[in-house]
1. Does segment 29-62 hold any residues that are farther than 15 Å from residue 101 by Cβ and among the charged types (D, E, K, R), and which are they?
2. Residue pairs, Cβ under 8 Å, 6 or more apart or interchain, first in segment 29-41 and within 12 Å of residue 85 (Cα to Cα), second among the charged types (D, E, K, R). List them.
3. Kindly establish whether residue 95 is touching a residue at least 60 places away in the same chain (Cβ under 8 Å), open to solvent by less than 60 Å² (accessible area, probe 1.4 Å) and either part of a loop (DSSP other than H, G, I, E, B) or in contact with a Leu (Cβ under 8 Å, 6 or more places away or on another chain) (or both).
4. Among the residues of segment 35-54, is there at least one that is on the phi < 0 side of the Ramachandran plot, modelled with pLDDT under 95, among the hydroxyl-bearing types (Ser, Thr, Tyr) and open to solvent by less than 90 Å² (accessible area, probe 1.4 Å)?
5. Does any residue in segment 105-117 that is closer than 14 Å to residue 89 by Cβ and in a loop (DSSP other than H, G, I, E, B) come within less than 7 Å, Cβ to Cβ, of a residue that is at pLDDT 95 or above and open to solvent by 80 Å² or more (accessible area, probe 1.4 Å) six or more places away or on a different chain, and which pairs are these?
6. Could you tell me which numbered condition residue 12 fails, if it satisfies all but one of (1) polar (S, T, N, Q); (2) in a strand (DSSP E or B); (3) open to solvent by less than 80 Å² (accessible area, probe 1.4 Å)?
7. Would you check which residues across segment 55-91 are within 28 Å of residue 12 (Cα to Cα) and at pLDDT 95 or above and list them?
8. Specify which of the listed residues (4, 78) is under 26 Å from residue 114 (Cα atoms), open to solvent by 60 Å² or more (accessible area, probe 1.4 Å) and either touching a strand residue (DSSP E or B) at 6+ places or on another chain (Cβ under 7 Å) or assigned to a strand (DSSP E or B) (or both).
Amino acid sequence: MRFMCLVHFDLSIMQSASKEVGQDLDRRSLAYDELLRKSGHYVISQAIEEPASAVLVRVRNGKMSTTDGPYMETKEAMAGFVEIEAADIEEATLLAAGIPIAQIGTIEVRPIYEIPTQRTE
């Protein structure tokens, strides 16, 4: 099964941290990705820019509208994701606990929903 590990943390923590702290977190995150890769659990991972760089897109009654950046109701924001393969949610949760940002933020683990497709032969 595949699982999406959504990485959330309080952006102010990293904004107030030294450059060395940020570099250390990046180094440890890349090392953990490599550990997941070697164990056969890794699918893909990516960090994303701050919420202020986002654009929200909605289509209502056939008309598109956009809004700059999401309105943040909490201090924690999604900072990236790690997609993994695991036998079940328990194994996925244990693997997610190893993601370095779990020490300062939250990792949300969700099974990936595979959209059923019909084959045309």
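The values are calculated or read from the model by the stated rules, or taken from the named source; none is laboratory data. What you see is a predicted model, and the numbers here were worked out from it, not measured in a lab. With ideal geometry, Cβ positions are generated from the backbone for all residues, glycine too; neighbour counts draw on all protein chains shown. These accessible areas exclude ligands, DNA and RNA; they are computed on the full protein's heavy atoms, side chains included. Shrake-Rupley method; radii C 1.70, N 1.55, O 1.52, S 1.80 Å.
1. Listed by number, the residues that qualify are 34, 37, 38, 49, 58, 60.
2. What qualifies is 40/85; 41/85.
3. Yes.
4. Yes: segment 35-54 contains one or more residues that are on the phi < 0 side of the Ramachandran plot, modelled with pLDDT under 95, among the hydroxyl-bearing types (Ser, Thr, Tyr) and open to solvent by less than 90 Å² (accessible area, probe 1.4 Å).
5. Qualifying pairs under 7 Å: 112/2.
6. Unmet condition: (2).
7. Passing the criteria: 81, 82, 83, 84.
8. Working: 4 fails: open to solvent by 60 Å² or more (accessible area, probe 1.4 Å).
The unique qualifying residue is 78.
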